[in-house]
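Rule-based calculations on the coordinates, nothing more; no lab input. Note that the coordinates shown come from a computational prediction; the quantities given were computed from them, not determined experimentally. Every residue, glycine as well, gets a Cβ built from its backbone with ideal geometry; the counts of neighbours run over all protein chains shown.
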Amino acid sequence: MSAKLSEVALRIDWLLKKVWQGSQTKMARDIGVSQSVISHVVVGRQEPGRKLLAAIASNSLVNSRWLITGEGEPLVAQFTEPGRRALYVARTLFEGLPDDHGDCLGDMLEVPLRFYRPTRYWFEIPAGCSLVSAPELKIAAGDLVLFEPDQKGWPDSIKGHPCIIKDADSRLTFTHVTDQQDGNVSISSSTDKSRDDSHDGKRFREFTFHDEVPSQKVSSQSVKAPIIAIGIFRMGGFTKS
């Protein structure tokens, strides 16, 4: 007899039946996981893991918010932008790629396919953050920034972009790039003084995307404090300059 399924596993089972007509093989092929993983989840042998949820949420038909929280409709509406994929919202700052820091990740939010890279993650800007006090950034507390830790995904020009740096005490903090010339980068001397950089990941504003097209080419960087990640896209209650 199958074990009682968790709420998330029940939603995966629903998607299996409605989107993939009950075919575990087809679902596994479409989302790029082993069929046995799906089988174990839908019969209650194991709980769905972070990578399985990310794989399912990346399917263009699936509403990732519903998959993770049960809120909203299960499937993406017919006339919404196609090809959206989901990326995690980080609960706290970390150095490196999100795949290596599953304990730092929380909910998921979708991003249009053209903005998607598996190395990226969202971060909700906390109150008191130095980025909020920089008027040229037009960032408010509660806005979300899509951060890219992989330099291959950075734009050619990162001037004016928010960033995460590692300071002399090996602490990760927010600041922004004030200038970039001949491969040399200047960053703002105003950085966060508080370590309260975590959040519950439950409050999300309505948002619009502000395009800043990434490039596969990036100049060598010369900064006193190493840049851990660059903010690529912003969403929230601020206007485009």
### Query
What is segment 1-80's relative contact order, in percent, from Cα pairs under 8 angstrom and six or more apart in sequence?
29 percent
### Query
Hey, can you rank 40-49, 95-104 by average C-beta count inside 10 Å, highest first?
40-49, 95-104
#### Entry: Extension gain, T69 back to E7 (0.36 nm per residue minus Cα-Cα distance, nm)
21.4 nm
### Summary
The simple spin-label model distance between S23 and S186, using points 7 Å out along Cα→Cβ, in nm, is 6.0 nm
### Query
Can you pick out the pairs among K51/K152; K18/K138; K17/K152; K18/K51; K4/K26; K138/K166 whose Cα atoms lie more than 31 Å from each other?
K18/K138; K17/K152
#### Entry: Approximate shape of segment 1-105 as ellipsoid semi-axes (Cα gyration tensor, √5λ), whole Å, largest first
22, 18, 13
### Query
Which three semi-axes in whole Å describe the equivalent ellipsoid of segment 130-186, each the square root of 5 times a Cα gyration tensor eigenvalue, listed largest first?
18, 15, 13
### Message
Sort 139-147, 30-38 by packing, meaning the average of other beta carbons within 10 Å per residue, with the highest value first.
### Response
139-147, 30-38
## Note on the structure
Kirkwood-based Rg/Rh on the Cα set of segment 23-182 evaluates to 1.02
### Qualifying chymotrypsin sites (Phe, Trp or Tyr not before Pro) in segment 17-110, DSSP loop, other Cβ atoms within 10 Å at most 16
F79
